[in-house]
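Beneath this line is the structure, given in structure tokens, with notes to follow.
The values are calculated or read from the model by the stated rules, or taken from the named source; none is laboratory data. Every value quoted in this text rests on a predicted model; they were computed, and no experiment measured them. Quick reminder, even Gly has a Cβ in these numbers, built from the backbone with ideal geometry, and neighbours come from all protein chains shown.
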Amino acid sequence: MTLTVTDLRAAIDRLVVAMERDFDALNTADGALGDGDLGVTMSRGSKAMQEAGPNLPEDLGQALLACAQAFTRTSGSSYGTLMATGLMTMAKALKGRTGVEPDEVAGLIAAARDAMQARGKADLGGKTVLDSLDAMAKAAAGLSDPAAVADAVARAASEAQIALRDKPATVGRARIFGEKTVGMDDPGMLAMTAIAAAITGRG
């Protein structure tokens, strides 16, 4: 099953619903370790992409670039910047194409992870969204059935969030809180769990 711009629009619609649902939870989690506006960032960004949806071109690269630009216009937050960076990286890889195969998803996620890591200057294992993406890329690697890819991506994001919950944050603003972050979910990982579930239709 080839994924097209039609699938992208549907995924964005699901994302908008999920971000509205988790608006308060994301703000609360972010408020414990950061600015408390992650729910705002994700809700505004997803809605901006949805508004751009009807005019997205069939070229997946150009469509994802338009999504990144729409997201960026709504938020100057660090998480928003990282999200846009990931989208632009995938956009570059898919420029000129109207479809993507399920077995390419792992590589696209990995490319986004690497670009976001370079932009944020963070290491894996620091209890950030990078760890979510790393788990998602590894879980989807070698899979070609669309349902299996979707299941693996959604499950990996959730499992990574849970696995690092009892670790201290060592990256970003959260590192200031040190051991106090043990037992707390990283806001970015919490958001990525919801994002992965929404875009795969698993949540």
I need the helices (runs of 4 or more DSSP H) fully contained in the stretch 9-106, keeping only those with at least 1 residues that are polar (S, T, N, Q), without any contact (Cβ under 8 Å) to a residue 60 or more places away in the chain and within 23 Å of residue 144 (Cα to Cα). 78-93
Pull out all pairs, ordered by first then second residue, where Cβ-Cβ is under 7 Å, the residues are six or more apart or on different chains, the first lies in the stretch 185-202 and is more than 16 Å from residue 20 (Cβ to Cβ), and the second is among the basic types (Lys, Arg) and surrounded by fewer than 22 Cβ atoms within 10 Å (Cβ to Cβ). 185/165; 201/14
Taking residue 149, is it more than 20 Å from residue 88 (Cα to Cα) and in a helix (DSSP H, G or I)? yes
In the stretch 1-49, how many are under 23 Å from residue 91 (Cα atoms), in contact with a Gly (Cβ under 6 Å, 6 or more places away or on another chain) and charged (D, E, K, R)? 1
Residue by residue through the stretch 120-144, note down the ones that are within 17 Å of the chain's Cα centre (by Cα), of a type in the set (S, T, N, Q) and farther than 13 Å from residue 170 by Cβ. 132
Exactly one of (1) farther than 22 Å from residue 63 by Cα; (2) under 14 Å from the mean Cα position of the chain (by Cα) is unmet by residue 147. Its number? (2)
Positions within the stretch 1-12 being under 15 Å from residue 48 (Cβ atoms) and more than 15 Å from the chain's Cα centre (by Cα), in sequence order: 9
List the number of the failed condition for residue 29; all other conditions in (1) over 18 Å from residue 136 (Cβ atoms); (2) modelled with pLDDT of 95 or more hold. (2)
Quick one: which residue in 139, 118 is part of a helix (DSSP H, G or I) and either in contact with an Asp or Glu (Cβ under 6 Å, 6 or more places away or on another chain) or in contact (Cβ under 8 Å) with a residue 12 or more places away in the chain (or both)? 139
Test: residue in the stretch 85-104 that is crowded, with 20+ Cβ neighbours inside 10 Å and more than 25 Å from residue 2 (Cβ to Cβ): no
